[in-house]
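Notes for the one structure printed next.
The values are calculated or read from the model by the stated rules, or taken from the named source; none is laboratory data. The model shown is predicted, which means the values in this text are computed figures rather than measured ones. Quick reminder, even Gly has a Cβ in these numbers, built from the backbone with ideal geometry, and neighbours come from all protein chains shown. Each accessible area value is taken on the protein alone, full model and side chains, heavy atoms only, with ligands, DNA and RNA left out. Shrake-Rupley method; radii C 1.70, N 1.55, O 1.52, S 1.80 Å.
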Amino acid sequence: SRFETCWPALMKDAHGVIIIFNPELPSHLKEIEMWYSCFVQQQPLLDSQCLLVAHHKPGSAGDTEKLSLAYPLNKLKLIHSNLEEDPEDVRMEFIKYFRSIINIINESREREEMSIIS
């Protein structure tokens, strides 16, 4: 992709990665493997710092039960977003995700402070 030269700048000091994709496009399912590899595994970030969002367009036959992702993507937190039907649900999932990221940041900061003290 023509934006690949910007990726190192985007990734620098990132604490979390949210990958949003259209589950109805087979090409997206291949691409999210590449995004995960570049932005999570090579960083390296924990899997818990990554959130996958399968976004269903309004009026799409979003069959949310059928989406089964292959390893290693199946280890990640996956939410389905359909802003027509359940925007509140998506909002709550984002809040949970951001809380978990804040906890990870705080824990690593505490570890750094302890290592400086000791």
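Within segment 21-53, the set of residues being under 28 Å from D86 (Cβ atoms), out of contact with any helix residue (DSSP H, G or I) (no Cβ under 9 Å at 6 or more places or on another chain) and either in a helix (DSSP H, G or I) or touching a residue at least 40 places away in the same chain (Cβ under 8 Å) (or both) comprises P26, S27, H28, K30, E31, W35.
Scanning segment 12-26 for residues that are open to solvent by less than 70 Å² (accessible area, probe 1.4 Å) and touching a strand residue (DSSP E or B) at 6+ places or on another chain (Cβ under 8 Å) turns up G16, V17, I18, I19, F21, N22, P23.
Can you say whether A70 is under 26 Å from S108 (Cα atoms) and surrounded by fewer than 15 Cβ atoms within 10 Å (Cβ to Cβ), as far as the supplied structure shows? No; evaluated as a whole, the condition is false for this residue. The single condition among (1) open to solvent by less than 40 Å² (accessible area, probe 1.4 Å); (2) touching a helix residue (DSSP H, G or I) at 6+ places or on another chain (Cβ under 9 Å); (3) farther than 30 Å from R109 by Cβ that H56 does not satisfy is (2). In the set D89, D63, D13, only one residue is modelled with pLDDT under 85 and either of a type in the set (D, E) or part of a loop (DSSP other than H, G, I, E, B) (or both); that residue is D63. Within this structure, I104 passes the test of being in contact with a Leu (Cβ under 8 Å, 6 or more places away or on another chain), part of a helix (DSSP H, G or I) and surrounded by 10 or more Cβ atoms within 10 Å (Cβ to Cβ).
The selection criterion, being open to solvent by 80 Å² or more (accessible area, probe 1.4 Å), touching a helix residue (DSSP H, G or I) at 6+ places or on another chain (Cβ under 9 Å) and among the basic types (K, R), holds for K77. Flag set for S37, criterion: modelled with pLDDT of 90 or more and open to solvent by less than 50 Å² (accessible area, probe 1.4 Å).
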